[in-house]
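Structure below; questions to follow.
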Amino acid sequence: ATAPDHIAFETRVPGAALNEPWRQISTREFMEEVAGAAKGLMASGVNAGDTILIMSPTQYRWTVADFAALFAGAVVVPVYDTASDAQLQAILADARPTAAFAGDTSLARRISRAAAGAVEAPPSVWVLEASDPEDDGPACYSLDDLIHLGEAVSDARLEERRLTAQLDDIATIVYTSGTTGSPKGALITHRNLVGQVLNTAAAYREVVKETGNTILFLPLTHVLGRALQLICVANGMRVAHLSNPKEVVQALAILKPTFLVVVPRVLEKIQAAAAASAREKKVEPIWSVASTVAQKWGRYLETRDQDPSARAPLGLRMQRAFFDRLFYRRLRAVMGNRIEYLLSGAATLQPDLARFFRGIGVPIIEGYGLTETTAPLTGGRPGSLVAGSVGQPLPGNAVRIAANGEVLAQGVGVFAGYRDEAQNAQAFVDGYFRTGDLGTLNADGSLTLNGRLKHVIVTSTGRTVSPEPWEQSVESHPLVAHAALVGTD
């Protein structure tokens, strides 16, 4: 209604090359697709409060299915397209969806087979990608077929259904991928989603804006990818989807995002590729100095955030200017030349890597959150970024540290609990969610993580040792991929 012609998404034809023209989708077109699919769900028998499963790689139509399910008053259950048959069957048995969206016919058949052994009434399955013309059967009905099915449903009926959910009703059930036992279903409410959208956008006005754009390659099944998408749609930030993370670097130069959410491994690969290029060109010693200068410049910028009057030494300023012309600007060009901020999450980011990217002109916001906090709980703020810290609690959220060092969370993002009530008894204390992570709060209220509570080693003298700092230090060596500290009797 506010900006019907604004470009909300960029998408490409399945199988098309990255450098082929991307189709731009306006908010009006997106709304029409969502409304059409929602009407189809209603016509197919989906009632308010029913669950709808989505099992697909990240793509534009995943978003259409997600919004359509919410418009139809349903509860969305995302499932990783890489989930094992046992995990899929367990989720189907627990959630009992009325309908399901599959990324392709292969996933559709997996859902149908798993449902046959898990539920009495298997869900109707709709395929997001175009089906093979030679295929037939219920598992191969397409999203276009669903939209056609709902043509008789009026706009008034859809709007009535869309408004049925209240803020404290469940919007989505996200099953955590536990290492043992069946996945736990986290109940996330509309209040959780709305609170995170409004508060996170308020904290990052410099980042999330209608003149910006991003590439989303995180799984939309993951609450972080989904929350980011909701924030972008609500604030007019253009979104492009990539199902294959290996295409990200190539896509950066084509789509030229202003903001990107990455995992540390992507940043490590970018830095490693630059180092490899320097070796090929026989300038590795110069690149090594340039990397060190970038880290020093990143550290200086952190100091300047705290003290605006701080001035870098003349030698460092000259080195930074020289290496910017020689290396840094080329690296920024590889990343599209428009990135204003990167957000790193999901794993620990080495401080020197964060300072390196800030030093070359691409600052990194480090954040922290869980499925149970509807993604972002804390995050660094532009103008006060400190490598190694995951920042202060976002508006509407609070963090405190228990006596044993565990990070406790409260606020608009904290979920309503697990689907299995028995799992909630140990999940909360004094109204705070127990994250299972260890951390400390700094003088400015920012959080530094120190490992996982269940990973600590207790020595024979009673001393508690967290292995993560040592493991991360060892893993920073280029010859070490993984390290583990083991306690023995």
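The values are calculated or read from the model by the stated rules, or taken from the named source; none is laboratory data. Predicted model only: the values in this text are computed from it and were never measured. Here the Cβ positions follow ideal geometry from the backbone for every residue, glycine too, while neighbour counts run over all protein chains shown. Protein only, heavy atoms only, side chains kept; ligands, DNA and RNA dropped before computing areas. Shrake-Rupley method; radii C 1.70, N 1.55, O 1.52, S 1.80 Å.
With just the Cα atoms defining each centre, how far is the range 417-450 from the range 202-253? Give it in Å.
For the range 417-450 versus the range 202-253, the Cα centre distance is 27 Å.
Quick one: pull the percent of accessible area on the chain belonging to carbon and sulfur, 1.4 Å probe, ligands and nucleic acids left out. Please report the intermediate quantities before stating the final value.
Values: 12090 of 22970 Å².
The computed percentage sits at 53.
What's the whole-number percent of alpha carbon pairs in the chain lying beyond 41 angstrom? The partial results should precede the final answer.
Numbers: 27073 of 119316 pairs.
Tail of P(r) above 41 Å: 23 percent of Cα pairs.
Would you kindly calculate the mean projected area, averaged across all directions, of the convex hull enclosing the Cα atoms of the range 1-63, in square nanometres? Intermediate values should be presented prior to the final figure.
Numbers: hull surface 23.0 nm².
Taking a quarter of the hull surface, the average projection is 5.8 nm².
In addition: Calculate how steeply helix 314-323 sits against the longest principal axis of the alpha-carbon atoms of the chain, using the helix alpha-carbon long axis, and give the answer as 0 to 90 degrees to the nearest 10.
Value to nearest ten degrees: 50.
Going by amide H atoms built from the backbone, whose H comes under 5 Å of the H on Ile365, apart from near neighbours?
Leu342, Leu343, Ser344
Can you list the residues, at least 5 places off or on another chain, whose amide H is less than 5 Å from the amide H of Ser243, using H built in the peptide plane?
none
Tell me, which longest segment in the chain has none of the trypsin sites (Lys or Arg not before Pro) that fall in DSSP loops with at most 13 further Cβ atoms within 10 Å? Please report the intermediate quantities before stating the final value.
Numbers: sites that count: Arg205, Lys281, Lys282, Arg311, Arg463.
Longest run free of exposed loop sites: 1-204.
Taking 0.36 nm per residue of sequence separation and subtracting the Cα-Cα distance, how much length would be gained by fully extending the chain between Ala483 and Ala398, in nm to one decimal? Spell out each step's value before the answer.
On the way: separation 85, 0.36 × 85 = 30.60 nm, distance 3.28 nm.
That works out to 27.3 nm of additional length.
Looking at the chain, what % of its DSSP beta bridges pair antiparallel, to the nearest 5?
Numbers: 35 of 64 bridges.
Approximately 55 percent, going by the DSSP bridge assignments.
Under a point spin-label approximation (7 Å from Cα along Cα-to-Cβ), what is the Glu29-Ala48 distance to one decimal in nm?
3.3 nm
Measure off 7 Å from each Cα along the Cα-to-Cβ vector at Asp444 and Glu206, then give the distance between these two points in nanometres to one decimal.
1.2 nm
Compute the accessible area per residue over the chain, keeping the other protein chains in place, probe 1.4 Å, unit Å². Can you show the working numbers first?
Values: 22970 Å² over 489 residues.
Computed with neighbouring chains in place, this is 47 Å² per residue.
Let me ask something additional. Once phi is turned into ³J(HN,Hα) by the Karplus curve 6.51 cos²θ - 1.76 cosθ + 1.60 with θ = phi - 60°, what whole-Hz value does each residue of the range 363-380 show in order, with x for glycine and proline?
Values, residue by residue: x, 10, 8, 9, x, 8, x, 9, 3, 6, 10, 6, 6, x, 10, 10, x, x Hz.
Report, by chain and number, residues whose modeled amide H sits under 5 Å from the one on Thr172, excluding near sequence neighbours (fewer than 5 apart, same chain).
Under 5 Å from the amide H of Thr172: Val76, Ile188.
Now a separate question. Rounded to the nearest 500, what is the chain's calculated 222 nm mean residue ellipticity when only DSSP H runs of at least 4 contribute -39500 (n - 2.57) each, over all residues?
Numbers: 15 runs with 175 residues, N = 489.
Taking each H run of at least 4 residues, the total per residue is -11000 deg cm²/dmol.
Once the whole set of protein chains is in place, how much accessible area is left on Glu284, using a 1.4 Å probe, in Å² to the nearest 10?
80 Å²
What ³J(HN,Hα) values, in whole Hz, does the Karplus curve 6.51 cos²θ - 1.76 cosθ + 1.60 give for the range 25-42 when θ = phi - 60°, with x put for Gly and Pro?
Karplus-based 3J(HN,Hα) across the range 25-42 equals 10, 7, 4, 5, 5, 4, 4, 5, 5, 4, 4, x, 5, 5, 4, x, 4, 5 Hz.
Excluding same-chain pairs closer than 8 in sequence, count the lysine pairs in the chain whose Cα atoms lie under 21 Å apart. Mind showing how you got there, number by number?
Details: Lys184/Lys454; Lys209/Lys256; Lys246/Lys256; Lys246/Lys269; Lys256/Lys269; Lys269/Lys281; Lys269/Lys282; Lys269/Lys296.
Lysine pairs, 8 or more places apart or on different chains, close enough: 8.
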